[in-house]
Amino acid sequence: MMNYKGYIGKVEYDDENRVFTGSVINVKTVITFHGSTVDELESEFKASVDDYLDWCKEDGIEPEKPYSGKFNVRFSPELHRKAAVGAKVLGISLNGFVEKSVTDELRTMSLI
């Protein structure tokens, strides 16, 4: 993963074309980049984000922000009940319980 100005780039290697390709994964807008070396890839990632921000400024539109921190979650009623009970047992809000659970899972994935 790469991070620049809050935009996160995910990179894959295309062995057929022998090039790294990437895309920004924390916005809906399609922002892509590629490079044949790590230095080129990093430079192209930053240039792509900057191009996107410049394009938005030129067109007078607000750039898409990398996530607001708010999202709706739908659970089955049974899972909702169990999560609410779990939160009460820990003495935290349901929101805090969900945030803790997601944080714990991301740690196991080494994403934080």
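Could you look through segment 41-51, keep only residues that are touching a Phe, Trp or Tyr at 6+ places or on another chain (Cβ under 8 Å) and free of Cβ contacts under 8 Å to residues at least 40 places away in the same chain, and pick out the one that is nearest to Met1 (Cα to Cα)?
Leu41
Conditions: (1) at pLDDT 95 or above; (2) exposed (fewer than 15 other Cβ atoms within 10 Å of the Cβ). Glu44 meets all but one. Number of the miss?
(2)
On the basis of being farther than 30 Å from Ser101 by Cα, modelled with pLDDT of 95 or more and either out of contact with any Cys (no Cβ under 6 Å at 6 or more places or on another chain) or surrounded by fewer than 17 Cβ atoms within 10 Å (Cβ to Cβ) (or both), does Thr37 make the cut?
No.
I'm trying to understand the selection: among the residues of segment 54-72, which are surrounded by fewer than 11 Cβ atoms within 10 Å (Cβ to Cβ) and either among the β-branched types (Val, Ile, Thr) or within 24 Å of the chain's Cα centre (by Cα) (or both)?
Ile61, Glu62, Ser68, Gly69, Lys70, Phe71, Asn72
Given the condition in a helix (DSSP H, G or I) and either in contact with an Asp or Glu (Cβ under 8 Å, 6 or more places away or on another chain) or open to solvent by 50 Å² or more (accessible area, probe 1.4 Å) (or both), answer yes or no: does some residue in segment 15-29 qualify?
The answer is no; no qualifying residue exists.
What number goes with the only condition from (1) open to solvent by 50 Å² or more (accessible area, probe 1.4 Å); (2) more than 23 Å from Ser68 (Cβ to Cβ) that Lys5 does not pass?
(2)
So how many residues does segment 87-112 have that are more than 27 Å from the chain's Cα centre (by Cα) and either in a helix (DSSP H, G or I) or closer than 30 Å to Met1 by Cβ (or both)?
So the count comes out to 3.
With the checklist (1) in contact with a Phe, Trp or Tyr (Cβ under 9 Å, 6 or more places away or on another chain); (2) touching a residue at least 24 places away in the same chain (Cβ under 8 Å) in hand, flag the one item Ala87 doesn't pass.
Of everything listed in (1) in contact with a Phe, Trp or Tyr (Cβ under 9 Å, 6 or more places away or on another chain); (2) touching a residue at least 24 places away in the same chain (Cβ under 8 Å), Ala87 misses just condition (2).
Kindly indicate whether Lys10 is over 21 Å from Leu111 (Cβ atoms), surrounded by 11 or more Cβ atoms within 10 Å (Cβ to Cβ) and either touching a residue at least 40 places away in the same chain (Cβ under 8 Å) or not small (Gly, Ala, Ser) (or both).
Considered against the rule, which asks whether it is over 21 Å from Leu111 (Cβ atoms), surrounded by 11 or more Cβ atoms within 10 Å (Cβ to Cβ) and either touching a residue at least 40 places away in the same chain (Cβ under 8 Å) or not small (Gly, Ala, Ser) (or both), Lys10 comes out as no.
Checking Ile61 against (1) free of Cβ contacts under 8 Å to residues at least 40 places away in the same chain; (2) outside any loop (DSSP other than H, G, I, E, B), only one condition comes out false. Which one?
Failed condition: (2).
The values are calculated or read from the model by the stated rules, or taken from the named source; none is laboratory data. Because the structure is predicted, anything quoted here is derived from the model rather than measured. Here Cβ is always computed from backbone atoms with ideal geometry, including for glycine, and neighbour counts include all displayed protein chains. To get the accessible areas, we keep the full protein, side chains included, count just its heavy atoms, and leave off ligands, DNA and RNA. Shrake-Rupley method; radii C 1.70, N 1.55, O 1.52, S 1.80 Å.
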